[in-house]
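A quick write-up on the structure given underneath.
The values are calculated or read from the model by the stated rules, or taken from the named source; none is laboratory data. It should be emphasised that the depicted structure is a prediction, and the values quoted were computed from it without experimental measurement. Note that we place each Cβ from the backbone using ideal geometry, even for glycine, and neighbour counts take in every protein chain shown. Protein only, heavy atoms only, side chains kept; ligands, DNA and RNA dropped before computing areas. Shrake-Rupley method; radii C 1.70, N 1.55, O 1.52, S 1.80 Å.
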Amino acid sequence: MNVNQSEASQPTLEQLDGWCEQALSAASSEARTSAESRLRYYFPTFSESAAELSGAFSSGSERVLEVFPTIKGPAEAAQLMTWFLHQSSKVLSQSYVVRRLRVLVLNHLGVLADEQKEALRRYWR
């Protein structure tokens, strides 16, 4: 995803809620794909490659997906996702982000501090 000027800053809660709704319920596949792309940028799982998402598996190196600049790794991504879960009251948004948070934690549990692991336990119940 090429980052444009509007994506270089923190999105509003309303924007994130809107993208979650589009990703899960938009009528057109283009709208769903666009929303998913934006959400991957802000809520990365660090488990997907550009080749996997485009279906273009090739031999050689895979492109790494771009992420929001303040997210340096899985711990920061988990922090942003949990913040969003506490702020949003939209069921579709919460459903979408919990799914991404689970993928993130299951694939990167080893890099999270014990305090972060404990704080994330509430989402598994």
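Once fully extended, how much extra length lies between Leu92 and Glu115, figured as 0.36 nm per residue of separation less the alpha-carbon to alpha-carbon distance? Can you show the working numbers first?
Working: separation 23, 0.36 × 23 = 8.28 nm, distance 2.75 nm.
This chain segment gains 5.5 nm when fully extended.
What nm value, rounded to one decimal, do you get for the distance between Glu21 and Ser34 when each label is placed 7 Å out toward the C-beta?
With each label placed 7 Å out from Cα toward Cβ, I get 1.6 nm.
On average, how much accessible surface per residue is there in the range 74-125, in Å², for a 1.4 Å probe, leaving out ligands, DNA and RNA?
On the way: 3220 Å² over 52 residues.
Each residue of the range 74-125 exposes 62 Å² on average to a 1.4 Å probe.
Peptides 22-32, 87-97: what's the order by average Cβ count within 10 Å, highest mean first?
Answer by packing, highest mean first, reads 87-97, 22-32.
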